[in-house]
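Shown next, in structure tokens, is the structure this report addresses.
The values are calculated or read from the model by the stated rules, or taken from the named source; none is laboratory data. Worth saying up front: this structure is predicted, and the values here are computed from it rather than measured. Virtual Cβ from ideal backbone geometry, glycine too; neighbours counted across all protein chains shown.
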Amino acid sequence: MAVLSKPVAVPKSGFSLIPVIDMSDPESKHALVKACEDFGFFKVINHGVSAELFSVLEHETVDFFSLPKSEKTQVAGYPFGYGNSKIGRNGDVGWVEYLLMNANLDSGSGPLFPSLLKSPGTFRNALEEYTTSVRKMTCDVLEKITDGLGIKPRNTLSKLVSDQNTDSILRLNHYPPCPLSNKKTNGGKNVIGFGEHTDPQIISVLRSNNTSGLQINLNDGSWISVPPDHTSFFFNVGDSLQVMTNGRFKSVRHRVLANCKKSRVSMIYFAGPSLTQRIAPLTCLIDNEDERLYEEFTWSEYKNSTYNSRLSDNRLQQFERKTIKNLLN
Ligand code: OGA
Ligand code: NI
């Protein structure tokens, strides 16, 4: 006789909550749309990016951050280049050092990856190959999303990030072990590696080593830890995609807590449109003008406003329309 067991309350853990999208599953477009609506965050498996590519880049990245500080600061710069502790120019700090690069592979004569790197060689190749492959996978994901939303043509979103003038960025982050980040010895407090924020672009694609630290914010305001998985990619919906879907997709708030023992290395590809691209709710997703939750802006306008704000600011607020729905929220 079958015994009916009582349902057990499942603790809130990233393991069971975070949607996993299998790119080899032809039906994954529906799960993708749901993940973007419910969390603005998902993990991608069977992604087609070769493990060798990302382990070579990780290796090169670790080598770069192991250089003496004096060498790293030779390639310091803003907005591109090496940075340490300071995030942006408005007072945000974190237990992190990073290297920020223009990831537009088609920019012709423009700065690709840092001409600033002294011995580009293998690092440069690894960066280029990784970006090419991740950009392709990002386009596949965006095309599935477009299909899932019933939008035609399929490249409505992917063309924005594969355009010749796309303003995409590659960011390498290194969070050294932080002894202070031990909750037991630090009065229950964690040290912040990267403060809470949303990513401004269309979508961001993160890969990291196997050290935990990344957390995402749920709709009820609670934070959950994302179990690291060095073989998969984690996608964040960005502010621009939230606007283009008229708020249907959520630009997820996330942060990184420093780890007391292990260092974390992450590489994030921020897929952005061209500077002149107009960002507005897609007309095929709204029935009438009154439903439109955001004013139109160009990516360049939005980017400037992010440069002038703090990490945790709600930068979309200034572009919200005074609709009943917005006023009620
Ligand atoms: C970012 C970010 C997370 C990480 O750089 O925008 O969210 O794990 N990074 O480094
Ligand atoms: Ni981010």
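Below are the figures for this structure:
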item	result
Helices (runs of 4 or more DSSP H) contained in region 1-72 and holding at least 3 residues within 22 Å of the chain's Cα centre (by Cα) and modelled with pLDDT under 95	14-17, 51-65
Counted residues, region 195-216 - those being of a type in the set (Gly, Ala, Ser) and within 9 Å of ligand 1 (Cβ to nearest atom)	3
Residues (among the hydroxyl-bearing types (Ser, Thr, Tyr) and either under 12 Å from Ser312 (Cβ atoms) or out of contact with any Phe, Trp or Tyr (no Cβ under 7 Å at 6 or more places or on another chain) (or both)) located in region 71-94	Tyr78, Tyr82, Ser85
Flag if Gly108 is modelled with pLDDT of 95 or more and over 22 Å from the mean Cα position of the chain (by Cα)	no
Selection count where residues are surrounded by 17 or more Cβ atoms within 10 Å (Cβ to Cβ) and at pLDDT below 95, scope region 171-189	2
Residue pairs meeting the criteria (Cβ under 6 Å; at least 6 apart or on separate chains; first in contact (Cβ under 8 Å) with a residue 24 or more places away in the chain, in region 263-277; second surrounded by fewer than 22 Cβ atoms within 10 Å (Cβ to Cβ) and of a type in the set (Gly, Ala, Ser))	Leu275/Ser300
From the options Ser133, Ser168, Ser158, Ser162, residue that is surrounded by 22 or more Cβ atoms within 10 Å (Cβ to Cβ) and away from ligand 1 (no atom under 16 Å from the Cβ)	Ser158
Test: residue in region 293-312 that is of a type in the set (A, V, I, L, M), over 20 Å from the mean Cα position of the chain (by Cα) and assigned to a helix (DSSP H, G or I)	no
Neighbours by Cβ (under 6 Å, 6+ apart or cross-chain): first from region 149-173, of a type outside the set (A, V, I, L, M, F, W, C); second outside any strand (DSSP E or B) and buried (at least 20 other Cβ atoms within 10 Å of the Cβ)	Arg154/Thr146; Thr156/Thr146; Ser158/Leu142; Thr166/Asn104; Asp167/Gly272; Ser168/Ala103; Ser168/Asn104; Ser168/Gly272
Positions within region 247-291 being within 16 Å of ligand 2 (Cβ to nearest atom) and hydroxyl-bearing (Ser, Thr, Tyr), in sequence order	Ser251, Ser266, Tyr269
Hits in region 234-290 - residues which are part of a loop (DSSP other than H, G, I, E, B), more than 16 Å from ligand 1 (Cβ to nearest atom), more than 19 Å from the chain's Cα centre (by Cα) and not hydroxyl-bearing (Ser, Thr, Tyr)	Asn246, Cys260, Lys261, Gln277, Ala280, Pro281, Leu282, Ile286, Asp287, Asn288
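One line per residue, one yes/no per condition, for (1) surrounded by 18 or more Cβ atoms within 10 Å (Cβ to Cβ); (2) among the basic types (Lys, Arg); (3) away from ligand 2 (no atom under 16 Å from the Cβ); (4) in contact (Cβ under 8 Å) with a residue 24 or more places away in the chain:
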| site | (1), (2), (3), (4) |
| --- | --- |
| Val191 | yes, no, yes, yes |
| Gly195 | no, no, no, yes |
| Ile202 | yes, no, no, yes |
| Arg207 | yes, yes, no, yes |
| Asn217 | yes, no, no, yes |
| Gly221 | no, no, yes, no |
| Pro227 | no, no, yes, yes |
| Phe233 | yes, no, no, yes |
| Val237 | yes, no, no, yes |
